[in-house]
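J.: This is the structure I have questions about; it appears just below.
The values are calculated or read from the model by the stated rules, or taken from the named source; none is laboratory data. Remember, it's a predicted structure, so these values are computed and weren't measured experimentally. Cβ: placed from backbone, ideal geometry, glycine included. Neighbour counts: every protein chain shown. In case anyone asks, the SASA skips ligands and DNA or RNA and just uses the protein heavy atoms, side chains included. Shrake-Rupley method; radii C 1.70, N 1.55, O 1.52, S 1.80 Å.
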Amino acid sequence: MIYCDPNDAANPCSAGTLPPPLTPYVSAARPNDPRTEHRLTVRSVKLVTDGALGSWGAALIEPYEDRPDTTGLLRIPRDRVDGLIWDTMRQGYQVNVHCIGDLANKLVLDGFERAAERRTTDGTLPPANLLRSRIEHSQIVRKEDVARFVQLGIIPSVQPTH
């Protein structure tokens, strides 16, 4: 697992760049690169935007009913979500994002939407459905965001509330 901590100067996570431990291997591990035949290849990157629901870590729009002093936490700052999604897709990787709360799901769908807008003007990226990007868990999703999964070609890997 590659951990990216925006508060750690030795391992920053800036918009537009992949975490430093992965950066040196990006060109050698690109999907469909003949140089990687018979080798382990990295075809996807997982980002973690929020925590678990039971520990009040899932990022919600409204405060928790049983803990009105919190709305959970974002593991990636809002202003970095778009850049990380775009940079990962631009390099040909499937983007998989851990999102449990409705705020996390909304922010990540917004990021995929902005990436789709950039893709149409850039013209160099494959359609989102070929990258088969996913939102992992998709546990709490606003009603108005449900259709956005289909519109953007994002797979909701649903984990029902349990």
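J.: Please pick out the residue among ARG80, ARG67 that is modelled with pLDDT of 90 or more, over 27 Å from PRO160 (Cα atoms) and not polar (S, T, N, Q).
T.: Going through ARG80, ARG67 in turn, just one is modelled with pLDDT of 90 or more, over 27 Å from PRO160 (Cα atoms) and not polar (S, T, N, Q): ARG80.
J.: Would you check which residues across segment 58-78 are under 12 Å from LEU107 (Cβ atoms) and β-branched (Val, Ile, Thr) and list them?
T.: ILE61, ILE76, listed by residue number.
J.: Still on this model: Report, by residue number, each residue of segment 82-115 that is of a type outside the set (Phe, Trp, Tyr), open to solvent by less than 10 Å² (accessible area, probe 1.4 Å) and part of a helix (DSSP H, G or I).
T.: Once the filter is applied, which keeps residues that are of a type outside the set (Phe, Trp, Tyr), open to solvent by less than 10 Å² (accessible area, probe 1.4 Å) and part of a helix (DSSP H, G or I), segment 82-115 yields LEU84, ILE85, ASP87, THR88, MET89, ALA104, ASN105, VAL108, LEU109, GLY111, ALA115.
J.: Out of segment 137-146, which residues are open to solvent by less than 90 Å² (accessible area, probe 1.4 Å) and either over 19 Å from ALA115 (Cβ atoms) or modelled with pLDDT of 95 or more (or both)?
T.: Once the filter is applied, which keeps residues that are open to solvent by less than 90 Å² (accessible area, probe 1.4 Å) and either over 19 Å from ALA115 (Cβ atoms) or modelled with pLDDT of 95 or more (or both), segment 137-146 yields HIS137, GLN139, ILE140, VAL141, ARG142, ASP145, VAL146.
J.: Pairs only if they're at least six apart or on different chains, beta carbon under 7 angstrom, first in segment 77-97 and on the phi < 0 side of the Ramachandran plot, second among the charged types (D, E, K, R) and part of a helix (DSSP H, G or I); list them, first residue then second.
T.: Matching pairs, first to second residue: ASP82/ARG114; TRP86/ARG118.
J.: Consider segment 57-81. How many of its residues are open to solvent by less than 30 Å² (accessible area, probe 1.4 Å) and more than 18 Å from PRO156 (Cα to Cα)?
T.: Summing the residues that are open to solvent by less than 30 Å² (accessible area, probe 1.4 Å) and more than 18 Å from PRO156 (Cα to Cα) in segment 57-81 gives 5.
J.: For segment 133-154, give me the residue count where each residue is more than 23 Å from GLY92 (Cα to Cα) and of a type in the set (Asp, Glu).
T.: The qualifying residues number 2.
J.: Starting from segment 43-70, take each residue that is free of Cβ contacts under 8 Å to residues at least 12 places away in the same chain and list its partners that are in a loop (DSSP other than H, G, I, E, B) and open to solvent by 70 Å² or more (accessible area, probe 1.4 Å), counting only C-beta distances under 9 angstrom and pairs at least six apart or across chains.
T.: PRO63/ASP69; TYR64/TRP56; ASP66/TRP56; ARG67/TRP56
J.: Quick one: in segment 120-136, of everything that is part of a helix (DSSP H, G or I) and open to solvent by less than 40 Å² (accessible area, probe 1.4 Å), which residue is modelled with the highest pLDDT?
T.: Taking the candidates together, the pick is LEU131.
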